[in-house]
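Every number here is computed from the coordinates shown, using simple stated rules; none is lab data. Please read all numbers here as calculations on a predicted model, not as lab measurements. Here Cβ is always computed from backbone atoms with ideal geometry, including for glycine, and neighbour counts include all displayed protein chains.
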């Protein structure tokens, strides 16, 4: 019988994150009710069965700052998944900073971050590319040293009520947000940023840094009217 195809997903270190990599029956894990199907940590978000590995020490704040502990945790999680699945995917937009710690590329095809797609987005057009991020400050800090930073516009969402709520440590166990609220906040930001002088006005592409955003990719694509690069779409295209 052919081996079952699987994805490996590296999760942030959070109170709700569970590593199923070494479970005898990893498909038996059920996510908490506060974690919807559009989120990377939910098995139903993916087109194949999933093995989850937790990047120990890589909390959302630590990953955004690329701390040594976070990067070590990301690299170790990739190492645990390597060779045990068909594709490895990072669960945070800032995981790409761990590439140098991997030494050589993993034997398993790996995409650590949607920001790995930024070069493609910039090369697809002479226009600027926009990065939609959970935190504008974190994205600006992370991307600020790029030589082509003058062509990158960052639009943050953390000033919005529901998006700010998913930044809480207990955002899954004690949700103070709703998917409808996230979508409403996002639409409001798009409406403002599409105006002349806004961060999305006249861009050639949009990259979705935050892994909460891919569930709204169609909305963003319809509103902005340019190619949208997100990790979920890329994974679905790769695995068919």
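Among 17, 135, rank each residue by its count of other Cβ atoms within 10 Å, from fewest to most, as a rough exposure measure. Working shown, then result.
Values: 17 20, 135 24.
Exposure proxy ranking, most exposed first: 17, 135.
Order these by the 10 Å Cβ neighbour count, fewest first: 229, 94. If you can, show how the numbers build up before the last one.
Values: 229 21, 94 31.
Listing 229, 94 from fewest to most nearby Cβ atoms yields 229, 94.
Helix 68-81 and the longest principal axis of the Cα set of the chain meet at an angle near 50°.
Only one of [x] 0.95; [y] 1.16; [z] 1.00 was calculated from the structure for Rg/Rh (Cα atoms, Kirkwood Rh), and its label is [x].
Ordered by the count of other Cβ atoms within 10 Å of each Cβ, fewest first, 163, 46 give 46, 163. Between segment 35-101 and segment 173-240, the C-alpha centres lie 21 angstrom from each other. Here the Gaussian network model covers the chain, with springs between Cα atoms less than 10 Å apart; of 37, 24, 188, 24 fluctuates the most. Computed extension gain for residue 67 through residue 173, at 0.36 nm per residue and net of the alpha carbon distance, reaches 35.6 nm.
Axis of helix 179-193 versus longest Cα principal axis of the chain: the two differ by about 30°, to the nearest ten degrees. Note on the chain: GNM, Cα springs under 10 Å; of 39, 216, 149, the largest mean-square fluctuation is that of 149.
Hey, for a label at residue 56 modelled as a point 7 Å past Cα toward Cβ, could you say which residues of segment 63-104 have their backbone N under 19 Å away? What the label zone holds, given the 19 Å backbone N cut-off, is 63, 67-82, 91, 98, 101-102.
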